[in-house]
Amino acid sequence: MSPWSYRLPLAPFNVGWQTHYLNLVYSPNKAVSFVIAAEAFRRLPRLKTYGRYPRNTPFGPFRISYEEDLSEMATEREFFYSNDTKTVLPAPEKLTRIVGCGSSPVVHYSGTGAYFLDKLSDGVWRLEVYSDAVWVNDPYGNPRLDRYVSVAFWREGFGEPPSSAGVRIPIAAAPSTPETADWVMIVKARTLHHQRLLWKSGWWSKMERLSALMCP
């Protein structure tokens, strides 16, 4: 599997391999689908058959849907999805990693960028969220450096839960707290840059760039 990627200054214009347009900031749904495809390559046995279409759209922990424009991986500890999904996990409190675009039963998000959630310890999660990406032209049209295909932008002032804007995450509370779940609102990152945040069950632990922690 050979994905094509682009440096950020060129990615909005898709001036390279047009049919292989792939960039985490500017084509987040496709990028998350590639994350899921990579997991399928690692986890599924070679030459195994899953029957004929449409019975073969769920296979192992994976599912694809043309109608929903969706690729998905759901395991006991991981939940990856490239678009809105209604898949209900039997034990969401056991999750340790979420990669997504859109909303799911465990994350409500009104933006269009990709986001990554990783459990660091009981009650503490790390969030990485990317800017909104919006298609403004046919990505397979005549490529020019003055013709945008996708643009990224950010919004602020989302207000407080239960507003539909931003990210709303039900995560099992830390053992020392009596609540069964907490909700938190996370604001999105700016322009082409993302912010990495630490979220602690029920309240903000930190809201700052954690480049030293995340990218040693």
Tabulate in residue order the Karplus-calculated ³J(HN,Hα) for the stretch 66-80, using 6.51 cos²θ - 1.76 cosθ + 1.60 with θ = phi - 60°, rounded to whole Hz; enter x for Gly and Pro.
-> 5, 5, 8, 6, 9, 10, 8, 9, 10, 10, 5, 10, 10, 9, 10
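Which shape class applies to the stretch 1-120: rounded if a/c is under 1.5, otherwise prolate when a/b exceeds b/c and oblate if not, where a ≥ b ≥ c are the square roots of the Cα gyration tensor eigenvalues?
oblate
Rule-based calculations on the coordinates, nothing more; no lab input. Note that the structure is a prediction, hence the values are computed from the model and not measured.
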